[in-house]
There are 2 protein chains.
Amino acid sequence: MAVPHDVVVLGGGVVGATCAWRLAEQGLHVLLVDPEPGAGASHAAAGMLAPVSEMHGSEPALLRLGLHAAGGFADHAARVQEASGLGVGYRPTGTLLVALDAGDRARLADVRRRQEQWGLQVERLSAAQCRQREPLLDPAVVAGTLVPGDHQVDPRRLVTAVLRAARERGVEFRRTTGEPAVTAGRVTGVRTPQGEVAAGRVVLATGARATAHAPVRPVKGQVLRLRGNGSPVPHHVVRGTVRDRAVYVVPREDGEVVVGATTEDLGYDTTVTAGAVRDLLQDACALVPALAELELAEAVARSRPGSPDNLPLIGAGDVEGLVLAVGHGRNGVLLSAVTAQAVTALVTGQDVPPPVAACAPGRFEELVRWRG
Amino acid sequence: MAVPHDVVVLGGGVVGATCAWRLAEQGLHVLLVDPEPGAGASHAAAGMLAPVSEMHGSEPALLRLGLHAAGGFADHAARVQEASGLGVGYRPTGTLLVALDAGDRARLADVRRRQEQWGLQVERLSAAQCRQREPLLDPAVVAGTLVPGDHQVDPRRLVTAVLRAARERGVEFRRTTGEPAVTAGRVTGVRTPQGEVAAGRVVLATGARATAHAPVRPVKGQVLRLRGNGSPVPHHVVRGTVRDRAVYVVPREDGEVVVGATTEDLGYDTTVTAGAVRDLLQDACALVPALAELELAEAVARSRPGSPDNLPLIGAGDVEGLVLAVGHGRNGVLLSAVTAQAVTALVTGQDVPPPVAACAPGRFEELVRWRG
């Protein structure tokens, strides 16, 4: 008879896979259940590790969490590479926020003031300084902010490597769908179309599909991948606002350039639309005209798991034995390591560090829709 | 021992496949050689049968040829359907040329005058009449021309059906590349990587790859396919000029919408570029904004076989026994049936009808580059 599993992780995106790996490192017997690990939102993600660039004055808890995660990401990337023997494309080249007109410039200056109030490292750049750093920028760029600490990783390589590390640590895999099995208010395992798997603990990391147990909603994102074939590409991550739409350009080590992303409050939907591709290409080429020469290699759409306050839900779920690791929104890749660390702490009875403690699902107890 | 082939057709695009079928109908023993029949320019083609819409005052021979071909296409489509048992998506819904500003309107009026001088059926439409016929047109449309005789066919379905008809008529297929084998100024068959195939006649229908025997050049075209999934799509083929770029929108019976096409004088190149996709989507949505809601299902690039005077080369080649059927440029689908008819006449010693006789390759005898 098979040894029962200590923990079943539902969902093999970057969050679930990292949880499974770290739990197995604690000596636990872990099963990961996912019909196609890494094929969800992680497959579309651009991999920006950008809490400073994405700072909103109104979300201090998210900023604290993001800074905590970004601060440890280089070490995490190194550990994943070490454990898997695979590269993850971590690239500490910094992010350049650019302004295309006077309104943009004022907006960047305003954000920069708030960034500096938080003690964050940002640098004001003139138009000439922008172009010196990125000669491919459109001549219309009038100013910029350099964020040296906002780095990037390649989410596809990262999730592949984490899955490999998990497998080598003894995590078992079942390629199927699953739901927590609950009896008398307690998790008893996971129900799959092939039968039930017993386990005392279930980690729910199914992203936008976790609606039965968490107040998450799908937020559609469409993303493009361009390929250089030796053509010049930017050196930094470049972000800007074109026709009131935010756009980013993420150049990888291997010449790939990711362009994203739409934010559409739709149901679960993976359709690539003509209008989104048009807008993304228009806007990205407005920042970096030379991108027009690159190959359009891929367009994908996935659903991010949005949460009501943009903080993820990490902690005890609505039934005993259920641990949530969902609702990461745009930040699943960035927050994957700190989420896995917190989940491991919860499962092994340790304390969760403060920035992650703010993600306890209990803050939504009044949302009767999903609890009770 | 195998029976020797009477004719080998090199190239299984819409032109070569139609030649092979029609030759086999004459009782000839035909071999068609192509590594992937139907995967070249025919795979990208939009299938507009549009000699009137595409009329240039300076190319009367091409117009005569196109009108001759368009006049017989409905019968040809019916014959292909009959012979293959497959639909080809022939759709006689007419073409709407639209003007987005006063300059466009003047241009359309000018072309319409010349179209009427040729006795072609065209109808001037006001802005209101355009929108009455196509409610999805952008409100910026100020006038139009309806060309009721410019129809469409689905090139992918057509080439599939013609290949099936050819096979059922006894055409043999070899999935490989080939070149005419020539001894003492006479074709002796076809050389393939797997050995030589003997034949007294070779029909060269390799499109933009026929450079060794004909003055053709690759003209890159990038084309998109959108998918409706029940969304409203136009009823007519819609064509216009946006930012000085010609764009067309071809709605199929099944909800697919083809958007094309770039015209790039590049070497043989099947790379889809970001800039081309951006321009095609921008321009198509400028004519029909609702297209932005459709799925971007596919983007492909292929090389049309351009000729020096935009007329194809149909007739005796530079060595005895070689028959050319290349250089069809944008018109391979439209001209496929009349080309096959002419090639069959040439091979069986009949006369070629006048509009096709103008395509005799002899007109380029002075082009020593390709003729000895």
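The values are calculated or read from the model by the stated rules, or taken from the named source; none is laboratory data. Computed from a predicted model, the values in this text were never measured in an experiment. Counting neighbours? That spans all protein chains shown, and the Cβs are built from the backbone with ideal geometry, glycine included. Note: accessible area is taken over every heavy atom of the protein model, side chains too, but ligands, DNA and RNA are not part of it. Shrake-Rupley method; radii C 1.70, N 1.55, O 1.52, S 1.80 Å.
With label points defined 7 Å past Cα in the direction of Cβ, position residue B:75 shows copy-to-copy spacings of 8.2 nm, given to one decimal and shortest first. Shown for region A:292-323: residues covered by the partner protein chains by 50 Å² or more of accessible area relative to the chain by itself (probe radius 1.4 Å), namely A:292, A:296. By the helix-only formula, in which each DSSP H run with n ≥ 4 contributes -39500 (n - 2.57) and the sum is divided by residues, chain A has a 222 nm mean residue ellipticity of -9000 deg cm²/dmol.
Only protein heavy atoms count here; on that basis, with a 1.4 Å probe, residue A:220 has an accessible area of about 0 Å². Modelled spin-label separation between residue B:121 and residue B:297, with each label point placed 7 Å from Cα along the Cα-to-Cβ direction: 3.0 nm. Total buried accessible area between B and A, probe 1.4 Å, nearest 100: 1300 Å².
Inter-copy label distances at residue A:265, shortest first and taken from points set 7 Å along Cα to Cβ: 5.2 nm.
Counting, for every residue in B:275-286, the Cβ atoms of other protein chains within 10 Å of its Cβ and taking the mean gives 5.
Once both labels are positioned 7 Å from their Cα atoms along Cα-to-Cβ, the gap between residue B:270 and residue B:365 label points is 3.8 nm.
Centre-to-centre separation between the Cα atoms of region A:293-337 and those of region B:293-372: 56 Å. Globularity index of chain A is 0.99 (Cα radius of gyration / 2.2 N^0.38 Å, N = number of residues).
Can you classify region B:95-148 as rounded, prolate or oblate using the Cα gyration tensor, where a ≥ b ≥ c are the square roots of its eigenvalues, rounded means a/c under 1.5, and otherwise it's prolate if a/b beats b/c and oblate if not? Walk me through the numbers before you get to the answer.
Values: a/c = 2.98, a/b = 1.50, b/c = 1.99.
Judged from the Cα gyration tensor, region B:95-148 comes out oblate (a/c at least 1.5, b/c at or above a/b).
When residue B:350 is represented by a point 7 angstrom out along its Cα-to-C-beta vector, the spacings to that point in the other copies are 8.6 nm, nearest first.
May I ask you to give the percent of accessible area on region B:217-306 that is carbon plus sulfur, with a probe radius of 1.4 Å? Before the final figure, lay out the partial values.
Working: 1360 of 3010 Å².
The value for region B:217-306 is 45 percent carbon and sulfur by accessible area.
Each residue of region B:61-74 was assigned a 3J(HN,Hα) from its phi angle through the Karplus expression (A = 6.51, B = -1.76, C = 1.60, θ = phi - 60°), giving 5, 5, 5, 4, 4, x, 5, 4, 5, 5, x, x, 6, 4 Hz with x at Gly and Pro. For region B:244-255, putting each phi into the Karplus relation 6.51 cos²θ - 1.76 cosθ + 1.60 with θ = phi - 60° gives couplings of 6, 10, 6, 9, 10, 10, 10, x, 8, 4, 8, x Hz, in residue order, rounded to whole numbers and with x for Gly and Pro.
Measure nothing fancy, just the Cα-based angle from helix A:14-25's long axis to the longest principal axis of chain A, in degrees from 0 to 90, nearest 10. Compared with the principal axis, the helix lies near 50 degrees. Label positions at residue B:39 and residue A:107, each projected 7 Å from the Cα along the C-beta direction, are separated by 4.6 nm.
What whole-number value in cubic angstrom gives the convex hull volume per residue for the C-alpha atoms of the protein assembly as shown?
Numbers: hull volume 152.9 nm³, N = 744.
It is 206 Å³ per residue.
Note on the protein assembly as shown: antiparallel DSSP beta bridges, both residues inside, total approximately 75 percent of the bridges counted. Quick one: with all protein chains in place, what share of the accessible area of region B:95-148 is carbon or sulfur, to the nearest percent (1.4 Å probe)? Ligands and nucleic acids excluded, carbon and sulfur reach 49 percent. Normalised Debye scattering of region B:217-306 at q = 0.10, 0.13, 0.14, 0.21 Å⁻¹ gives log10 I(q)/I(0) of -0.24, -0.40, -0.46, -0.97, counting only Cα atoms as equal scatterers and leaving out solvent.
Over region B:95-148, with the other protein chains present, what is the accessible area per residue in square angstrom, probe 1.4 angstrom?
Numbers: 2740 Å² over 54 residues.
On a per-residue basis, region B:95-148 sits at 51 Å².
Estimated at the nearest 10 Å², the accessible area of residue A:295 is 50 Å² with a 1.4 Å probe.
Of A:266, A:313, which has the most accessible area with a 1.4 Å probe, and how do the rest follow in descending order?
Values: A:266 75, A:313 0 Å².
Largest accessible area first, the residues go A:266, A:313.
Rank A:268, A:248, B:90 by accessible area, highest first, at a 1.4 Å probe radius? Don't jump to the answer; show the numbers that get you there.
Numbers: A:268 95, A:248 20, B:90 50 Å².
The most accessible residue leads, giving A:268, B:90, A:248.
Normalised by residue count, region B:1-121 yields a Cα convex hull volume of 153 Å³ per residue. Using the Cβ-Cβ distance between residue A:184 and residue A:246 with R0 set to 35 Å, the FRET efficiency works out to roughly 0.15. Annotation: amide H of residue A:188 within the under-5 Å range of A:181, A:182, A:183, sequence separation 5 or more or interchain, hydrogens built in the peptide plane. Think of a 1.4 Å ball rolled over the protein heavy atoms: region A:265-372 then has 35 Å² of accessible area per residue.
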